[in-house]
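Chemist: Quick one: structure below, then a few questions.
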Amino acid sequence: MGCHQSKLAMHEELAEERANASGNATASANTATKNTDTKQQEPLLPVLWDGVSRSKRGQWQQRLDDAARAKLDPCARPAETLKRVLEGDALPDSEIQTLGTRQPAIRLFLSSTFTDTEVERNALIEDVYPYLKSLGQRLRVQVYQSSEMRWGIRSEASAAHETSERCQQESSGLIYVLILANKCGFRPFPAKIPEEEFNLLKDEMAKQAKQTASTVTSAALNKAMEYMDEWFVLNENVVPPTRELKPVKKEHSDAWWSDIFPTLQTCLRQAATGAPGLSDERRALYVQSVTAEEIDNGLFKVQPKEARDKACFVFDRRLEGIDVASDPDTAKLFIDMAGGEVDEEAQQLLERLRAEAVPAALSPSRIKTMSIPWGPGIDLARTNHAEYMRTFADAFCDTLAADIERVAREHAFESDAVVEEAAAHAMFGNLRRCGFVSTTATQQTADAALAYVQQRITSGKEDAAPFAICGPSGSGKTSLMAHIAGVIKEAHPAAVVVSRFLGTSRESGAARTLMANEPAAAPAADFEKLTKQFQAALKLGTADKPLVLVLDSLDQLSDEDQGRNLDWLPLASLPPNCAIVISSLPDVGGCWEVLKATLPDTNQQHVAKISKDDADGIRSVVLGAYESCPTPLYLRICTQFFALRWNHTDAIAPDFFPKTVEGLMEKVFDELETRHGKETVRAALGYLSASRGGLSDNEMEDLLSCNDTVLDEIYEWWVPPVRRVPPLIWARIVSDLEGALVERGAEGGVTVRAWYHRQHREAAERRYLGLNSRSGAGGDTGDDSDGNGDGAGDVATSSSTTTASTSTTTALSVQRHGELADYFSGKWEHGRHLHDKTDDASALRDRKVASMKTVLAGRLDDPRSGVVVNARKVAVLPFHLMHAQRWEECATTLCNLEFIEAKATAGMVRQLVADFEDLQRSGGGGGGRGGGALESLLKKHSFNVWTRFVAHNALIFEQTPGAVMARASLYPDQTVVFKAAETVLSAPGCRLPRVQQYNKPQELNPLVCVLGWGELNGL
């Protein structure tokens, strides 16, 4: 939703309302100070619901149980879209998303005025949002806490008059909810005024100053014109040239609130009303409130009406009989006041919205009206007020819950790994193509690749090799490969063009899973047979429908099955009607050495550095810096994060830009910390960099909500009843990092954000984790070095990537991984003590984080119960425990039959085997990271027996995850595996049958050895 007003307006509304409430004209300035003395507000749960959370209350608990057991009818994917995606057509993301390869999301914007709806919003934060997220977890719908701009805004951000650009997110359900109360709300003037309009307003002020009939004095108008020249600075670096309001510094705060702001507000509003030539839309910006503009953008501009009814909802709450005379201080919090009296102009604007505009925009069923008598204010000690709050919370929750259930029904697509993989790479290709700018050098490379493909699919010869492109990190190689895939399909529309950007998804990080992800036939388990199957599939191309395979970043393959040796790829001879275009870094993984030694020189191309001519038009200071690092990534950071934000009056030193990408990112991080808070940015980007392949927005908000150092920095003016971070805090960081972050699908269809480019991630690791090597804690994220983004967190299945970070482990890295492990293990599910004061029971605060139970709903021993496995937890928890060096906890987690079965149920048997291998190798002979202590610990857990159990049964678990307990019960009676199975099978209520083997061996066969994943089929 494009809210034009600045974030300052959000604080100004609070400041003005509190100033009015106290009757002190300068109180608003005093309000803009750190809220260090504010106490935690009393929670509403004990007052309204006897302390019982919604998920445990009657019908609401039943609704959760029903959701877990719901059998949704599978939705059919649009056949034409599916065909075009599989054949390589460049479709827009919106069309690709109709294939349902990611969990649908509900992103809601909540609009309201501040002081008069505080109790309602507190109830939503404390009671409703956590329930809706739990419901979404069970129905596989990502539900995000509503975005609102009424709390948690830092003073540095608001004083900079930034625009609050929380746009309508891509949401499959509701996108906008309005709580319409008794206040029109704060009505500021725009922080940015086009120069032509600025002069028009000044001319109108000058004209009115000469008229005796003006409602504003000549002195005030003349003073306002002086303030306009003083406070609005011309920026000619934008189109059209615009006057922008200067930041309000602390020393100017009193004068601003007591004189400058009210003078400008009154005179600009008066001038806008009378200025000729000013459009109604622009005129409204000087008259309407912030909330009214949110309504305009979030409600009225949603078209057509049918879409509006589906996406929007209004709660019309009316306080009847507001008594201004007897209690003016309280009344000012609930109705617009000016000069000690009701602001009739504001109330008339509000009434037009309530009586005319909103009913005309929505169907009656989408407006719920509730009335309560004046308290004064809202007093939950009154029975009717408490009942109103319960009714409001129930109505809000029911509206959103019904929407979540509808979205789940409309997106109940059956899982298909091939479709999911194709869609993920199609969207990634779109992302890279949209940022691609062709140069003379890249055009030559693209032309050469296109000529190669033309020759391959028309000649019918077999003795041809693939076409390979090499480029260093930051050279734009991946964008070029995405562009090449697009031009090939455009030139040969009948061809099937299969593009894979290796390392950016679960299936593209290893040669085995890359080859197995094709629809021709069920993949063979044996790697050698799978290779033959893959090479046979390459022969499916025909003269009428040739096959073109585009594989970017071969260096991102793991060492599993010696994938980087490229023996699986036919480098010497391709079948007829088949072409392969591949790329690699020159200095990582050894792939380019193989290609260089195998392919003819004519089939090798290098990405050339861009020339100054190609960068023509960029400011001289950027060009001067570019000479030190002539790569597209460097120029992109220079322009996107700096040059495009300059005003024409900014004095930029010739040596403004550092000479490396690392140095540039340091400046980006400095700016982020200034804008959003040092502790907030340090924590957020530390978690992101330590994550295994990225974090979802909900996960990031949960993590920040459990970090009290961050919350202390954020809470300056208001502390909500639940100690939780406002959603817009992370959203604004994401907005400022646009171009450095990328969205991708993760386990369970969850959408996560990750670093866009390896050099982005490495810079963040150095600063926020203290890591210095190229393969730090996030080294297994599959992050492509020339822009593939942070890639697939779970693509690495061997320990090679995990042990790469051994030498770079730092205390800060261990801390962040430990916090991530605490979160995903569920340690904070029921709260975290303030600053970890665990000896003080009163310091425990419920942070309303997502459930991290291994099984979110249903029972593993009862498939009919609607089993919902926490795919994110089972995927990443062992990784973080290992990197946090919490060996005991990691071993206990892995040596747990429920965890093993849950991870198998989630389709992650290969990753499970890798978890055991990684931990085993970490303690290997005392020479691993964990040393001799870990080796002893693993012996205590009989870890070698558990490793054997998982590896030996891996192929069975892949096909039948429910066989875990049965297979464990077949182990010798004295083994830890059998005893663990007996414990589960003997538990009250266990529904699993006992499996007995006649003459069961009581010793493990010493001739059976545990081999790597690629050889498991031989066991």
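The values are calculated or read from the model by the stated rules, or taken from the named source; none is laboratory data. Small disclaimer: the values here were computed from a predicted structure and weren't measured. All Cβ positions, glycine included, derive from the backbone under ideal geometry; neighbour counts span all protein chains shown. SASA here: full protein model, heavy atoms, side chains in, ligands and nucleic acids out. Shrake-Rupley method; radii C 1.70, N 1.55, O 1.52, S 1.80 Å.
Chemist: Any residue that is surrounded by fewer than 21 Cβ atoms within 10 Å (Cβ to Cβ), farther than 20 Å from Trp646 by Cα, under 43 Å from the mean Cα position of the chain (by Cα) and among the acidic types (Asp, Glu) - is there at least one of those in the range 274-281?
Modeler: Taking every residue of the range 274-281 in turn, at least one turns out to be surrounded by fewer than 21 Cβ atoms within 10 Å (Cβ to Cβ), farther than 20 Å from Trp646 by Cα, under 43 Å from the mean Cα position of the chain (by Cα) and among the acidic types (Asp, Glu).
Chemist: Please work out which residue is nearest to Leu135 (Cα to Cα), limiting yourself to the range 835-858 and to residues that are surrounded by fewer than 17 Cβ atoms within 10 Å (Cβ to Cβ) and of a type outside the set (Gly, Ala, Ser).
Modeler: Once the filter is applied, the top-ranked residue is Lys853.
Chemist: Anything in the range 482-506 that is farther than 14 Å from Leu549 by Cα and crowded, with 24+ Cβ neighbours inside 10 Å? List them, or say none.
Modeler: Gly503, Thr504, Ser505, Arg506
Chemist: Shifting gears a bit: Condition test on Arg682, is it within 22 Å of Gln885 (Cα to Cα) and surrounded by fewer than 23 Cβ atoms within 10 Å (Cβ to Cβ)?
Modeler: Considered against the rule, which asks whether it is within 22 Å of Gln885 (Cα to Cα) and surrounded by fewer than 23 Cβ atoms within 10 Å (Cβ to Cβ), Arg682 comes out as yes.
Chemist: Looking only at the range 938-948, decide whether some residue is out of contact with any strand residue (DSSP E or B) (no Cβ under 8 Å at 6 or more places or on another chain), modelled with pLDDT under 90 and outside any helix (DSSP H, G or I).
Modeler: no
Chemist: Taking interchain pairs and intrachain pairs at least six residues apart, which have beta carbon atoms under 6 angstrom, with the first residue in the range 275-292 and touching a residue at least 60 places away in the same chain (Cβ under 8 Å) and the second β-branched (Val, Ile, Thr) and open to solvent by less than 10 Å² (accessible area, probe 1.4 Å)?
Modeler: The qualifying pairs are Thr291/Thr113.
Chemist: Residue by residue through the range 425-481, note down the ones that are of a type in the set (Lys, Arg), open to solvent by 40 Å² or more (accessible area, probe 1.4 Å) and at pLDDT 80 or above.
Modeler: Within the range 425-481, Arg433 is the sole residue that qualifies.
Chemist: Could you go through the range 701-711 and let me know if any residue there is open to solvent by less than 60 Å² (accessible area, probe 1.4 Å), closer than 19 Å to Ala740 by Cα and assigned to a loop (DSSP other than H, G, I, E, B).
Modeler: Looking through the range 701-711, none of the residues is open to solvent by less than 60 Å² (accessible area, probe 1.4 Å), closer than 19 Å to Ala740 by Cα and assigned to a loop (DSSP other than H, G, I, E, B).
Chemist: Please tell me if Asn788 is within 26 Å of Lys133 (Cβ to Cβ) and either at pLDDT 90 or above or outside any helix (DSSP H, G or I) (or both).
Modeler: Criteria not met by Asn788.
Chemist: Of everything in the range 288-328 that's among the basic types (Lys, Arg) and open to solvent by less than 50 Å² (accessible area, probe 1.4 Å), which residue is nearest to the chain's Cα centre (by Cα)?
Modeler: Arg308
So that you can scan it fast, the table gives a plain yes or no per residue for (1) crowded, with 18+ Cβ neighbours inside 10 Å; (2) farther than 26 Å from Arg506 by Cα:
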| residue | (1), (2) |
| --- | --- |
| Leu877 | yes, no |
| Met882 | yes, no |
| Cys890 | yes, no |
| Lys903 | yes, no |
| Met908 | yes, no |
| Gly932 | no, yes |
| Leu938 | yes, yes |
| Ser942 | no, yes |
| Thr960 | no, no |
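Chemist: Mind checking which residues of the range 591-633 are at pLDDT 90 or above and part of a loop (DSSP other than H, G, I, E, B)?
Modeler: Within the range 591-633, Leu599, Pro600 meet the criteria.
Chemist: OK, next. Does Ala331 count as more than 29 Å from Arg282 (Cα to Cα) and open to solvent by less than 20 Å² (accessible area, probe 1.4 Å)?
Modeler: Yes: the conditions hold for Ala331.
Chemist: Pick out the one residue from Glu743, Glu829 that is assigned to a strand (DSSP E or B) and either surrounded by fewer than 22 Cβ atoms within 10 Å (Cβ to Cβ) or modelled with pLDDT under 90 (or both).
Modeler: Answer to the check: Glu743.
Chemist: Of the residues Leu688, Leu672, Leu711, which single one is within 16 Å of His760 (Cα to Cα), hydrophobic (A, V, I, L, M, F, W, C) and at pLDDT below 95?
Modeler: On inspection, the qualifying residue turns out to be Leu672.
Chemist: Return the total of residues in the range 493-544 being basic (Lys, Arg) and under 25 Å from Arg432 (Cα atoms).
Modeler: 2
Chemist: Restricting to the range 966-1000, name every residue that is acidic (Asp, Glu) and either exposed (fewer than 12 other Cβ atoms within 10 Å of the Cβ) or in a loop (DSSP other than H, G, I, E, B) (or both).
Modeler: Hit for the range 966-1000 is Asp973, nothing else.
Chemist: Go through (1) open to solvent by 40 Å² or more (accessible area, probe 1.4 Å); (2) over 25 Å from Asp702 (Cβ atoms) one by one and return the number of the condition Ile96 breaks.
Modeler: It is condition (1) that Ile96 fails.
Chemist: Looking only at the range 99-118, filter to residues that are in contact with a Gly (Cβ under 9 Å, 6 or more places away or on another chain) and farther than 21 Å from Asp697 by Cα; which one of those is surrounded by the fewest Cβ atoms within 10 Å (Cβ to Cβ)?
Modeler: Among them, the one singled out is Ser112.
Chemist: Now for a separate question. Can you tell me which residue among Leu264, Leu234 is in contact (Cβ under 8 Å) with a residue 40 or more places away in the chain, over 30 Å from Arg308 (Cα atoms) and outside any helix (DSSP H, G or I)?
Modeler: Leu234
Chemist: When you scan the range 275-370 for helices (runs of 4 or more DSSP H) that lie fully inside it, which ones turn up with 2 or more residues that are more than 30 Å from Met205 (Cβ to Cβ)?
Modeler: Hits in the range 275-370: 305-311, 328-331, 358-361.
Chemist: If the requirement is being open to solvent by less than 20 Å² (accessible area, probe 1.4 Å) and at pLDDT below 90, which of these qualifies: Ser773, Ser805, Ser735, Ser798?
Modeler: Ser805
Chemist: Of the residues that make up the range 50-62, is at least one at negative phi and at pLDDT below 90?
Modeler: No, because not a single residue in the range 50-62 is at negative phi and at pLDDT below 90.
Chemist: Quick one: which helices (runs of 4 or more DSSP H) sit completely within the range 88-145 and have at least 1 residues that are closer than 21 Å to Pro46 by Cβ?
Modeler: Counting at least 1 such residues, we get 118-123, 129-139.
Chemist: Under 6 Å between Cβ atoms, which residue pairs at least 6 apart in sequence (or on different chains) link something in the range 945-961 that is of a type outside the set (A, V, I, L, M, F, W, C) with a partner that is surrounded by fewer than 16 Cβ atoms within 10 Å (Cβ to Cβ)?
Modeler: His952/Leu1019
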